[in-house]
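The values are calculated or read from the model by the stated rules, or taken from the named source; none is laboratory data. Computed from a predicted model, the values in this text were never measured in an experiment. Here Cβ is always computed from backbone atoms with ideal geometry, including for glycine, and neighbour counts include all displayed protein chains.
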Amino acid sequence: MKPLKVRWLVLVGALGLALGAVANSVWDGGAPLVLPWFSLLVSVFLGAAALVLAWRVRAHIREPRKRRIDPILASRIVVFAQACAVYGALLTGWGLGALAHELTLVQYRGATSSLLLIVLNGAVGLAVGVAGAVAESWCKRPPEDPGEADDPYAPQHPRGDRDAPEGEGGYARDRERPRGPRRGPQAPG
């Protein structure tokens, strides 16, 4: 799995900003289109869960013999961390778009009561996005040391002078090859 790039998160945030600004300007319901308090609490919980789960993977990477973790679970944690990062970038952009729309209307109707909720949407989105990105970075394995290869056919291995069997079934062909001199079919006597 490829790690998330910051430019993709910025692009998702910019998309959220544009969508948040346009959707709030088109919406004629009075209250801005942002997540309510309960949803923000759930979002904070998701970001914290990503950090806690990624900490387990990080502990396994640092001390693999002491702290075991299922590889499938570890890959799911990485996917969850990436989802949190993307969700956080989108929520940040949406909150900033809603804030930009509300700030253009402040001169006409005064400060709205939902301005704090709009700011919290952007702040919680930023926190969840950073938590997801940090959690994903904790799940990265360090690069392998080329001097510690266990493959006997690798060139850096002490016995790496042997040729590796070629293609599918190469090991089986090696086993079937006779060890002594090749003898042709013998005529019946």
Selection count, region 59-89, where residues are part of a helix (DSSP H, G or I), surrounded by fewer than 22 Cβ atoms within 10 Å (Cβ to Cβ) and either touching a Lys or Arg at 6+ places or on another chain (Cβ under 8 Å) or free of Cβ contacts under 8 Å to residues at least 24 places away in the same chain (or both): 8
Here are the criteria: (1) within 26 Å of the chain's Cα centre (by Cα); (2) buried (at least 17 other Cβ atoms within 10 Å of the Cβ). Tell me which single one residue 32 does not satisfy. (1)
On the basis of being at pLDDT 90 or above, among the small types (Gly, Ala, Ser), assigned to a helix (DSSP H, G or I) and over 20 Å from residue 12 (Cβ atoms), does residue 131 make the cut? no
Determine whether region 90-107 contains at least one residue that is at pLDDT below 90, in a helix (DSSP H, G or I) and of a type in the set (Val, Ile, Thr). yes
Consider residue 38 carefully, then state whether it is free of Cβ contacts under 8 Å to residues at least 60 places away in the same chain and more than 15 Å from residue 87 (Cβ to Cβ). yes
Whether any residue in region 17-37 is touching a Ser or Thr at 6+ places or on another chain (Cβ under 9 Å), closer than 17 Å to residue 123 by Cβ, in a helix (DSSP H, G or I) and at pLDDT 90 or above is what I want to check. yes
